[in-house]
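These notes are about the structure you will find just below.
Read-outs throughout are calculated quantities, based only on the coordinates presented, and are distinct from any laboratory measurement. The shown structure was predicted, so the numbers you read here are calculated from the model rather than taken from an experiment.
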Amino acid sequence: MRNSRTSKYNKKVSYFVQSNGMWWDVVEFPSNDIVRTFKTKEEAELLSEQINHVKPFGEDKLPPFMKGNDRSVDISE
């Protein structure tokens, strides 16, 4: 008997940097949750590159207690 996946399309978690006025947010995609906010773009890019390279929870999202803010971002522009 063969194991089959329940979903054939698995969205991979990735992290990117988005400007928010004076602040820079590291955003988790596809949930659009803000992981952490920085004052400089370089710090935000460094964190997003590190998390994308070595994912602490594999292909799963970060748990809510590890995210810095309780707000999410609308990227439907």
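Taking the Kirkwood radius as the inverse of the mean 1/r across Cα pairs, report the Rg/Rh of region 14-57. Walk me through the numbers on the way to the answer.
Working: Rg = 9.7 Å, Rh = 10.2 Å.
When Rh is taken as the Kirkwood radius, the ratio is 0.95.
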Exercise for the section: Once you've got the Cα coordinates, tell me which of LYS11/LYS39; LYS12/LYS41; LYS39/LYS67 are over 20 Å apart. Expected result: LYS11/LYS39; LYS12/LYS41
Handout entry: For TYR15, residues with placed amide H under 5 Å, excluding near neighbours
Key = PHE29
